[in-house]
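Read the structure below first, then the notes.
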Amino acid sequence: PVNTLDERRESALAEYRAVVSKYPKTGAAILARLGEGSLLLDKKDVDGALSAFNDVKASPLAKADAEVRGRAIEGIGFAQELRAAAAPAEAAKHLDAALAAYKELENTVDARGFKELALYHQARCHEAKGEKDKAKELLVDVQKRVGEAGSGHPFPFPYLEEVAADRLRAIDPSLVHAPTR
């Protein structure tokens, strides 16, 4: 039996890789590669994760499916943030790379919630770079957009409402609005 988190992760990676190997270039293989990228992020394997996410981003499925493309681009941003955390001396460079990914997510993925999610991720990167005013500006924008979306909307709106408020509370509590739900 698979017991530890590491064992479960390795088992899942093996399963994803088996799908990619057995059914190359299919939608199932591309989705398996997306899952593989996420697990590699969990393992802090930045190079492996970037390779997986870039493969997915370049795939025909990502060209046809905004959600798949969005998740791949978001994964690229996460990988760059992980690289920044692992290399403090070069953190700004990697945070800029993450910001570039999140700007791409904002501007090229036309699927519900991705623009707001991209703005939230950009705010986190600006905060990590010490650019609190830019982070505040983006978080206020996220809060406004999510509030305008209204309550009862599916993911990511309730999630974004909460996490944007948490980040704003940490930076400038006077900017946090009451939840719209």
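Say the dipole of the chain comes from +1 at the beta carbon of Lys and Arg and -1 at that of Asp and Glu; which of Pro60, Ala165, Leu139 then lies farthest toward its positive end? Result: Pro60, furthest along the dipole toward the positive end. Relative to the globular-protein estimate of 2.2 N^0.38 Å, the Cα radius of gyration of the chain stands at 1.10. Here's the list of aspartates and glutamates a cross-link from Lys144 could span, going by alpha-carbon distance under 15 Å and ignoring same-chain residues fewer than 8 apart: Glu116, Glu161, Glu162, Asp166. Counting only protein heavy atoms and a 1.4 Å probe, the chain has 52 square angstrom of accessible area per residue. Run the accessible area of segment 1-154 with a 1.4 Å probe and give the carbon-and-sulfur part as a rounded percent. Here carbon and sulfur together make up 54 percent of the probe-accessible area. The stretch between Arg112 and Asp96, if pulled fully straight at 0.36 nm per residue, gains 3.3 nm over its current Cα-Cα span. Each Lys and Arg contributes +1 and each Asp and Glu -1, all at the Cβ; summed about the Cα centre of the chain, the dipole is approximately 240 debye. With 27 Å as the limit, the listed pairs Lys115/Lys136; Lys22/Lys43; Lys43/Lys134; Lys43/Lys136; Lys57/Lys93; Lys63/Lys129 have Lys43/Lys134; Lys43/Lys136; Lys63/Lys129 beyond it between alpha carbons. If R0 is taken as 30 Å, the Cβ-Cβ distance between Ala89 and Asp42 corresponds to a FRET efficiency of 0.75. Taking Gly75, Gly147, Gly130 as the candidate residues, the one with maximal mean-square fluctuation in a Gaussian network model of the chain, Cα springs under 10 Å, is Gly130.
For the options Ile73, Ile30, Ile171, a Gaussian network treatment of the chain with springs between C-alpha atoms closer than 10 Å singles out Ile171 as fluctuating the most. Treat each spin label as a single point 7 Å out from the Cα along the C-beta direction, and report the Lys22 to Ala64 distance in nm. Inter-label distance under the simple model: 2.2 nm. Computing FRET efficiency as 1/(1 + (r/R0)^6) for Ser11 and Ser174, where r is the C-beta to C-beta distance and R0 is 41 Å, gives about 0.30. Between Ala100, Ala29, Ala87, where does the largest GNM mean-square fluctuation fall for the chain, given springs only between Cα atoms within less than 10 Å? Residue with maximal mean-square fluctuation among Ala100, Ala29, Ala87: Ala87.
The values are calculated or read from the model by the stated rules, or taken from the named source; none is laboratory data. Quick caveat, the model's predicted, so the values are computed rather than measured. Here Cβ is always computed from backbone atoms with ideal geometry, including for glycine, and neighbour counts include all displayed protein chains. In case anyone asks, the SASA skips ligands and DNA or RNA and just uses the protein heavy atoms, side chains included. Shrake-Rupley method; radii C 1.70, N 1.55, O 1.52, S 1.80 Å.
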